[in-house]
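All remarks here apply to the structure that follows.
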Amino acid sequence: MKAPIKITAVIGSYRKGGIIDQTVDEVLAAATAGGDTASKIYLIDRHIEFCRNCRICTQQEGERRGRCPQEDEMEAILNEIDGSEAIILAAPMNFGAVTAVMKRFIERLICTAYWPWGQMAPKARSRDKKKRAVLVAASAAPAFLSRLMTPMVGRLKNAADILGARTVGVLFVGLAARAQRQEIGAGVRKRARQMGRKLVTED
């Protein structure tokens, strides 16, 4: 019998109950149907300072991520992700890329790298990919155009990789701005449920 796993969804949307939130809920509903547990982190509700590029967090050796000198909730968020076997990274597209709150979160992931002064580029502290990840994105344009012409999926996939997760599915919802209070369609619900089951299925 499979031991229950924990899933953490990191949501970089400014609108609760919108397309992103509804889609993540469908993914989580399917993922937790077998007894697994889940939580959602709304980045708009959490205190996360901007990265100041001081690189203090990158100077500490070892596999354990470096500590940022800023006092905020980023460490607590990363601890919650560390305690999860699966993650969801979700954000709508704003001006051709992920939202500012998701970008701020991603920039703070530099603490996962070792980058002493004098070294040309950062090095990952750990290359283990023990977690699984599903990525959720949305845009006003058709999904295939947004995936082809913007860095949305690449940004989210890179963040999942940095967090030690292997991406097992991507769900990009297009035409997501046709109404102020838009509901996701049956097709998106079906695909979201498929992604949820895939997130917790052993390979």
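The values are calculated or read from the model by the stated rules, or taken from the named source; none is laboratory data. All figures in this text were calculated on a predicted structure; none of them were measured in a lab. Neighbour counts run over all protein chains shown; Cβ positions are idealised from the backbone, glycine included.
Have a look at Arg125, Arg132, Arg108, Arg104 and point out the one that is among the basic types (Lys, Arg), in contact (Cβ under 8 Å) with a residue 12 or more places away in the chain and closer than 21 Å to Ala192 by Cα.
Criteria check complete, one pass: Arg132.
Working carefully through the options Ala160, Ala192, Ala186, find the one that is crowded, with 16+ Cβ neighbours inside 10 Å, more than 19 Å from Ser146 (Cα to Cα), modelled with pLDDT of 95 or more and not polar (S, T, N, Q).
On the way: Ala192 fails: more than 19 Å from Ser146 (Cα to Cα); Ala186 fails: crowded, with 16+ Cβ neighbours inside 10 Å.
Going through Ala160, Ala192, Ala186 in turn, just one is crowded, with 16+ Cβ neighbours inside 10 Å, more than 19 Å from Ser146 (Cα to Cα), modelled with pLDDT of 95 or more and not polar (S, T, N, Q): Ala160.
Can you confirm whether segment 192-199 contains a residue that is of a type in the set (S, T, N, Q), within 30 Å of Met74 (Cβ to Cβ) and assigned to a helix (DSSP H, G or I)? Can you show your working first?
To start, the set of residues in segment 192-199 that are of a type in the set (S, T, N, Q) comprises 194.
In the following step, the residues that additionally are within 30 Å of Met74 (Cβ to Cβ) were identified as none.
No: zero hits.
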Handout entry: Condition met for Ala160 (in a helix (DSSP H, G or I) and within 21 Å of Arg193 (Cβ to Cβ))
Key = yes
Fill in the blank from the handout: Checked pairs for segment 31-46, first without any contact (Cβ under 8 Å) to a residue 24 or more places away in the chain and at negative phi, second of a type in the set (S, T, N, Q) and surrounded by fewer than 19 Cβ atoms within 10 Å (Cβ to Cβ), C-beta under 7 Å and 6 or more apart or across chains, list as none
Completion exercise
Restricting attention to segment 19-36, the residues that are more than 15 Å from Leu89 (Cα to Cα) and modelled with pLDDT of 95 or more number exactly 3
